[in-house]
Amino acid sequence: MTPVRPNRPPHSKRPILDMNAYDARDAVPDDQKNDLLVRRQRNFGSASVLFYRDPIEMVSASGCWMTAADGTSYLDFYNNVPSVGHCHPRVVAAMADQAKMLNINSRYLHQTTEEYLDRLKATLPDHLENIVLTCSGSEANDLALRIAQRATGARGIIVTESAYHGNTATVTEISPAALKRGDLPDHVVAVPAPGSLAYGDDIAAGFADAVHEAAKVLIERGHGVGALIVDSIFSSDGVFSNPRGFLRLAVAVVHRSGGVFIADEVQPGFGRTGDAFWGFQRHDVVPDIVSMGKPMGNGFPMAGIAVRPDMLAAFCEDVGYFNTFAASPVASATGLAVLDVLADENLQTNAGVCGAYLRDGLQHLADHDGRISDIRGAGLFLGVDLTPDGSPEHTNGQLVADVINAMRRHRVLIGAAGKSGQTLKIRPPLCLSRSEVDFFIEALGKSLRACG
């Protein structure tokens, strides 16, 4: 029987905000940045989160590159927000042109808003006829949970054990990766991520069994099954994408238990996996709600959900929903420009082609360095496990942290994932070129040798 962790995050869990984070206790910043860093710490207080042992002051960006105040340029292999490239001129122009003309809330009619929503809906299953726009993925997932619980009459939620779905009060409760201490609430059950370490050779059946056991726990506790919510590439868990279709059995279990399936597409959506526009499409499943965010506006704060009309109507009978800044003409013009760039520059295709080239380069490194214990993912969203002895079972985050900081010295930015921070999380902008892949592979090779 696959283990289910009913309401306690895994013991060795590493909070997502602690991965590759600046810590004043063991980091000595550059003297020139010291004044700015002191101001940052004073203004943000305990909520300040910065990357790297020596934080970077950034001043500009373009395409896949970011430039620091000291003139150093860095290849961005971490930031999935500017999905079509940092400061893409067409997106910036659409944003600025609309802002110069009109920017109002969504209680007025506007052609661009309806054009954008029609274009967005054309990428989604037909039954998801309604779109509700928000400003952040956290808001989108919060709303998705509320709609699901109203539709099912059940409060229980099933998540994976290192999931991260946002930072509202409701969504933090279903985000084990965000918790630094304490248990998950009684109405949330976490199951292991869908990998071979937890489920062996039959990931689909094993993951479905774990979801079934979680549903039984929720029913026994009196909460019922409201929803299974997953990031469809399981990015915070360490990136789990294959085999294609493994989600189908688990989704069927949830539907039989009276719950709904929420596909969190904030990370894998908008063509990143290369072989599908949405991550859930790789699994041939039909979500009841799709949440989306970050890449929608390429840096402009846009997010939203696509939902069945009957579910939204039931929810709006009780409270309804309105967001002052979402669905504005500026947001709509920006989102429309992103969709245009994705199509006109064939970025989904590029994600597949460059992703395959990147994976080949990673495999070449793995053939010569046994510390690369696994390579997972799809398109331009990959996870690379690093372990000191090459054994997938012996994971810890120290090697990954050392490699991340070494890669910074070789002018590449990258992040971490996984419950112990053992996974390099690779998600560059979709405009990535083969020469930039070569730059990355060379930097990773040098960094691994430096951390020998």
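Below is a table of values for the structure above.
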read-out	value
Anisotropy class of the range 47-188 from Cα gyration tensor, a/c 1.5 cut	oblate
Inter-label distance for residue 186 and residue 345, nm, one decimal - labels placed 7 Å from Cα along Cα-to-Cβ	5.1
Cα gyration tensor shape of the range 182-257, rounded if a/c is under 1.5, else prolate or oblate by comparing a/b with b/c	prolate
Positive-pole candidate from 417, 269, 357, dipole of the chain, charges at beta carbon	417
Pairwise FRET efficiency - residue 73 versus residue 169, Cβ, R0 = 41 Å, nearest 0.05	0.55
Net charge dipole size for the chain [Lys, Arg +1 and Asp, Glu -1 on Cβ; Debye, nearest 20]	660
Percent carbon-and-sulfur accessible area, the chain, ignoring ligands, DNA and RNA, probe 1.4 Å	50
Amide H partners (placed H, <5 Å) of residue 230, local residues excluded	262, 264
Relative contact order (%) - criterion: Cα under 8 Å, at least six apart; region: the range 337-452	26
Relative contact order (%) - the chain, alpha-carbon pairs under 8 angstrom, separation at least six	23
Sequence of 244, 42, 408, 221 from largest to smallest accessible area, 1.4 Å probe	42, 244, 221, 408
Cα gyration tensor category, rounded, prolate or oblate, for the range 324-433 with a/c compared to 1.5	prolate
Phi-based couplings in Hz for the range 428-434 (Karplus 6.51, -1.76, 1.60; Gly and Pro marked x)	x, x, 6, 8, 3, 10, 5
Alpha-carbon centroids, the range 313-331 and the range 156-234: separation in whole Å	28
Mean projected area (nm²) of the alpha-carbon convex hull when the range 343-393 is viewed from all directions	3.5
Calculated Rg and Dmax of the chain using C-alpha coordinates, Å	21.4, 61
Phi-based couplings in Hz for the range 374-390 (Karplus 6.51, -1.76, 1.60; Gly and Pro marked x)	6, 10, 10, x, 8, x, 9, 9, 10, x, 10, 7, 10, 9, x, 10, x
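The values are calculated or read from the model by the stated rules, or taken from the named source; none is laboratory data. Just so it is clear, the structure is predicted and the values come from calculations on it, not from any experiment. Ideal geometry is used to build each Cβ from the backbone, glycine not excepted, and the neighbour counts take in all protein chains shown. The area values use the complete protein model at the heavy-atom level, side chains included, leaving out ligands, DNA and RNA. Shrake-Rupley method; radii C 1.70, N 1.55, O 1.52, S 1.80 Å.
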